[in-house]
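Colleague: After the structure tokens below, expect a handful of questions from me.
The values are calculated or read from the model by the stated rules, or taken from the named source; none is laboratory data. Source: prediction; values computed, not measured. Cβ coordinates were reconstructed from backbone atoms using ideal geometry, including for glycine residues, and neighbour counts include every protein chain displayed.
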Amino acid sequence: MPTRDPKKVAIIGGGAAGFFSALTLSELDPDAEIHLFEKRNQWLSKVKISGGGRCNVTHHCFDPKTLSEKYPRGSKELRAAFHTWQPQDTIDWFAQRKVQLKAEADGRMFPTTDDSQTIINCFLEEARKSKIKLKKGHSIDGLRLNSDGSFLIKINGEDEVSYTAVCLALGSLKSTPLEHSLRKLGHSIESLAPSLFAFNVNDTRTYGLSGLSVPNAEVWVDSVKESQKGPLLITHRGMSGPAILKLSAWEARKLQEKNYHFDFSINWLADISESSIRETFENQRIENGKKTLKNTVLFDLSRRLWESFLAYANIAPETTWSQLSKKSLEALIKELTQGVYQAQGKTTNKEEFVTCGGVKRREINFKKMESKLVPNLYFAGECIDLDGITGGFNFQAAWTTGRIAGMAMSE
Ligand SMILES: Cc1cc2nc3c(=O)[nH]c(=O)nc-3n(C[C@H](O)[C@H](O)[C@H](O)COP(=O)(O)OP(=O)(O)OC[C@H]3O[C@@H](n4cnc5c(N)ncnc54)[C@H](O)[C@@H]3O)c2cc1C
């Protein structure tokens, strides 16, 4: 009986997706010859800095449909993929390797050590136990197809080495020579745009309020219908926090088109209906008519924010509730529920940012993470046109796509 040559697989990119696909392949096919290439001299550099150094590994959400809704791009494809590998699988995988994850109140999951090095050590230890050949400081500068369907990859601009299969786990495709190789193989790339950024705002209403946050604001860009809700943080440069970051993710392309200069609105009291706000004000008039607006801070807002709204609505702080004119009342309600601000640029979020865009999803079979155009060419992680909002969803996409690619390569 003819014996088959063992597989020789190149996995390009020593980040989250690359490690996960390499470890999966090695687990399921211990005989496969696996070379994991990383151009830098450091493995898993994004894992290291992720989640402010704590690594937000995944999210405490175990329903594929709900989970998939956290991905502005790739939601449909990931929903099916999560049936193969989802956060519970990630948690179990790490637990089997003695890395416990814990969930925070907002659902983000971190190693109990609160240290991203725990995740890196786990991967390096697993790789050490396997036969994976780790090749850091190796930049892959070209990829082309042999006539027999195998691949030739160019390493550090020199040697061309042959592999039976290749998995691209390159992270953002920004200015990589492999983008050119991919195009030559017939693939197309969805244009790249940053996602998960804060808005730069220079507005008298927020002067001196840096560090102040509200628990549930609603934000929307005036020319776009969808709004996002969540905590909002005033920073020394403008506005950040989950509500802003989510908006930046969902509208990443439109905001790029506007060159990050646009008007957006904030409802600072997203939990309270406008009619309840009106009712609260009416009650103030009746019950506290002699009290000044300055001294009756409402809706659990911070005093400084309240005073800033009064000033912007042109209401003298000593005005009493009974003196408040209809026009001023309307101006105050407008400030609280639909204050308009101007974004003048963006600041990339230090905790987590991703690139949207990459290899077009429709050119990939998500059941295997294999190219529909080139057999035995696989993709995993951020180099694909998929990305999630903040909260551990981006790493989960890397684990899921890396796992599926590894499984498929082992077949
Ligand atoms: C500051 C920061 C914090 C983050 N925090 C979180 C978080 O807490 N939770 C979360 O879910 N997401 C987080 N993210 C997003 C997350 O890091 C990415 O979604 C994730 O790293 C994508 O994994 P990846 O393996 O696809 O790409 P990467 O992690 O970017 O890995 C790709 C690797 O490929 C290498 N490479 C590229 N080209 C070549 C080449 N030609 N040859 C050889 N090697 C190459 C790169 O050097 C890189 O190491 C954060 C991102 C940033 C920037």
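Colleague: Check off (1) assigned to a loop (DSSP other than H, G, I, E, B); (2) away from the ligand (no atom under 16 Å from the Cβ) for GLU351 and give me the number that stays unchecked.
Modeller: Result: GLU351 passes all but (2).
This table checks each residue for (1) within 13 Å of the ligand (Cβ to nearest atom); (2) over 30 Å from VAL221 (Cβ atoms).
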| position | (1), (2) |
| --- | --- |
| SER162 | no, yes |
| VAL166 | yes, yes |
| ALA169 | yes, yes |
| THR176 | yes, yes |
| LEU182 | yes, yes |
| ASN202 | no, no |
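Colleague: Report those strands (runs of 3 or more DSSP E) wholly inside segment 186-293 carrying at least 2 residues which are without any contact (Cβ under 8 Å) to a residue 40 or more places away in the chain and not polar (S, T, N, Q).
Modeller: Here the list reads 227-234.
Colleague: From the list PHE393, PHE353, exactly one residue is modelled with pLDDT under 95 and of a type in the set (Phe, Trp, Tyr). Which is it?
Modeller: After applying the criteria, what remains is PHE353.
Colleague: From the list THR113, THR84, THR90, pick out the single residue that is touching a residue at least 40 places away in the same chain (Cβ under 8 Å), in a loop (DSSP other than H, G, I, E, B) and of a type in the set (Val, Ile, Thr).
Modeller: One residue alone meets the criteria, THR84.
Colleague: Turning to a different aspect of this structure: Condition check: closer than 17 Å to GLN284 by Cβ, assigned to a loop (DSSP other than H, G, I, E, B) and more than 16 Å from the ligand (Cβ to nearest atom). Does GLU335 satisfy that?
Modeller: Spelling it out, it is not the case that GLU335 is closer than 17 Å to GLN284 by Cβ, assigned to a loop (DSSP other than H, G, I, E, B) and more than 16 Å from the ligand (Cβ to nearest atom).
Colleague: What is the residue count in segment 116-131 for residues that are under 21 Å from ASP31 (Cβ atoms), small (Gly, Ala, Ser) and either in contact with a Cys (Cβ under 9 Å, 6 or more places away or on another chain) or not in a helix (DSSP H, G or I) (or both)?
Modeller: Looking only at that region, the number is 1.
Colleague: Go through (1) within 22 Å of VAL354 (Cβ to Cβ); (2) in contact with a helix residue (DSSP H, G or I) (Cβ under 7 Å, 6 or more places away or on another chain); (3) away from the ligand (no atom under 16 Å from the Cβ); (4) not charged (D, E, K, R) one by one and return the number of the condition ALA80 breaks.
Modeller: Single failed check for ALA80: (2).
Colleague: Take the conditions at pLDDT 95 or above, near the ligand (Cβ under 6 Å from one of its atoms) and of a type in the set (A, V, I, L, M) and apply them to ALA17. Does it pass?
Modeller: It is true that ALA17 is at pLDDT 95 or above, near the ligand (Cβ under 6 Å from one of its atoms) and of a type in the set (A, V, I, L, M).
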